[in-house]
Amino acid sequence: MAKKQPTISVIGTGFVGLTTAVLLAEAGYQVYAIDIDEERLAAIKQGRAFFYEAGINPLLKHVIENKRLIPTSSYVNCISQSDFIFSCVGTPDNPDGSSNLSYIFAAAKEALVHMKTGAVYIQKSTVPVGTGEKIEQLFNKSKKRIDYISNPEFLREGTAIEDTLNFDRVVIGSENGKSVDEVISLYKTIEKNRQAIAKRAKLKLPAGHKGEYFKTGRNSAELIKVTANAFLALKISFANSIAKLADKTGADINEIMDVVGADRRIGRAFLNAGRGYGGGCFPKDVSGLISSAADHNVDLQIMTAVSDINFTMPGYIAKKAQAELESLTGKRVAVLGLAFKAGTSDARRSPGVMLANILKRQGASVITYDPAANHEAENELRIGIDVAQTIEEAVNKTDAIFITTEWPVFLRYDLKKLAKQMKGNLFVDAMNVFNKAAVQKAGLQYIGVGR
Ligand code: UGA
């Protein structure tokens, strides 16, 4: 007799939860996606993610139509039928930088009420080391024999589907090794169907794939996730520190990192200097790691430096521009890019927003524009900052423009046309993504970060 296909519940429909739910449903499993936010659920029911994510909508539409994915706000019926429960709820930070785990524990407690004996609870949310142990203790108090797995997520916003289909590694952390192979087999089913899923999502995947599966201890898995993000943040702050020295010495940080990164032991990725990192992950994961280390009497000075350096970058760029404009007071400046990176509508902890706010505080008249994040950034911008609906509207008669997100529409913009639209000619490439000579050739004055 054929083995019954497992049923799965995914708690939380953010970037991680919705991507996981959609891909498991595409792989053929019956999946319930649980969220308390009715507005999100309403969008999902119509086959639409409530955030911008490449390739997700065609998949979502497909699995909603064939009823493989059922969105719901109630734990009651779906959790009790589920063999696997994925926890993908948010872990925001507290004002002191530590992780706020209230959603994590609320989800685990509520799930425990409804889970059947022998179910597997899989933690995908980023949590400080030691969290899983506490949840396991909670589960062990019941007679239900729930197995707990730590399965941290490495996908990036904007490329979540592609990253999951083209993963470098899947980490399954467990203390008893019991359900590890079953969880791996869920991922292997997605992997087996990766090309068909990518085709439906209209994404191009490389033909070969060398993703690895790692079985680790539960606490190691928790630390792997934050260590990976912390190291990437460290690379960025390192590049930004050297960029400041390059500025003082007439060197070019892009030339430096192209060559330094050509060493395979180092690698070129995440060595791009600029306005610093932002988003819903790096800033909070770095502060969360510092705080969790402090709880164990470990002083992670290196990560405090990473965070401090990152914080200085928007101000550093504003100062460079100010030196050229003499004063920012009364100057009209445009900040192009409010998303924390291209390919997303997310403006959380966005360096572009931070820079716009600093320029405003220093007396400039600031107008901003982003092709996807205007709406999400609105509440983060200081009063009096205008939000334009087009690039043209933003750059019109400005003394200076600042490019803070590497959106293709900015990269492709006709520089000669831009020079004509502006009043002044200061072009601040806050991400070092433009060809300096081409900008200068268009009659603009180029400023980069470490160039
Ligand atoms: C990051 C990690 O890359 C993912 O592996 C991880 O799963 C995710 O956090 C998470 O914990 O959920 P994400 O925040 O989506 O993903 O974005 P990244 O592409 O990593 O970029 C983060 C920030 O660093 C952006 O603001 C980006 O502009 C900036 N960055 C990146 C630089 O300033 N320089 C670089 O060289 C690279």
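The values are calculated or read from the model by the stated rules, or taken from the named source; none is laboratory data. Keep in mind that what you see is a predicted model, and the values were worked out from it rather than measured. Every residue, glycine among them, receives a Cβ derived from its backbone with ideal geometry; neighbour counts consider all protein chains shown.
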TODO: Would you tally the residues in region 330-376 being touching a residue at least 60 places away in the same chain (Cβ under 8 Å), part of a helix (DSSP H, G or I) and over 13 Å from residue 387 (Cβ atoms)?
DONE: 3
TODO: Would you point out the residue of region 351-368, among those that are in contact with a helix residue (DSSP H, G or I) (Cβ under 7 Å, 6 or more places away or on another chain) and away from the ligand (no atom under 16 Å from the Cβ), that is nearest to residue 236 (Cα to Cα)?
DONE: 358
Open item on the list: I'm trying to understand the selection: among the residues of region 113-148, which are more than 24 Å from residue 292 (Cβ to Cβ) and among the hydrophobic types (A, V, I, L, M, F, W, C)?
Closed with: 113, 115, 119, 120, 146
TODO: Starting from region 145-158, take each residue that is under 18 Å from residue 222 (Cα atoms) and touching a residue at least 12 places away in the same chain (Cβ under 8 Å) and list its partners that are within 8 Å of the ligand (Cβ to nearest atom) and of a type in the set (A, V, I, L, M, F, W, C), counting only C-beta distances under 7 angstrom and pairs at least six apart or across chains.
DONE: 153/16; 154/228; 155/16
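Being within 11 Å of the ligand (Cβ to nearest atom) and of a type in the set (Phe, Trp, Tyr), is that true of even one residue in region 308-327?
no
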- [ ] Name the residue, out of 243, 196, that is within 16 Å of the ligand (Cβ to nearest atom), of a type in the set (A, V, I, L, M, F, W, C) and part of a helix (DSSP H, G or I).
- [x] 243
Task: Elements of type helices (runs of 4 or more DSSP H) contained in region 79-178, each with 3 or more residues being under 30 Å from residue 205 (Cβ atoms) and at pLDDT 95 or above - done: 160-165
Task: region 40-65 residues that are in contact (Cβ under 8 Å) with a residue 40 or more places away in the chain and part of a loop (DSSP other than H, G, I, E, B), paired with ones that are among the β-branched types (Val, Ile, Thr) and surrounded by fewer than 20 Cβ atoms within 10 Å (Cβ to Cβ) (beta carbon under 7 Å, 6 or more apart) - done: 54/159
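Restricted to region 272-305, and to residues that are within 12 Å of the ligand (Cβ to nearest atom) and either aliphatic (A, V, I, L, M) or assigned to a helix (DSSP H, G or I) (or both), which residue is farthest from residue 256 (Cα to Cα)?
Once the filter is applied, the top-ranked residue is 288.
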- [ ] For region 135-150, state whether one or more residues are surrounded by fewer than 23 Cβ atoms within 10 Å (Cβ to Cβ) and within 16 Å of the ligand (Cβ to nearest atom).
- [x] no
Task: Within region 329-346, tally of residues that are closer than 19 Å to residue 15 by Cα and within 11 Å of the ligand (Cβ to nearest atom) - done: 7
Task: residue 12 vs. criteria on the phi > 0 side of the Ramachandran plot and in contact (Cβ under 8 Å) with a residue 60 or more places away in the chain - done: yes
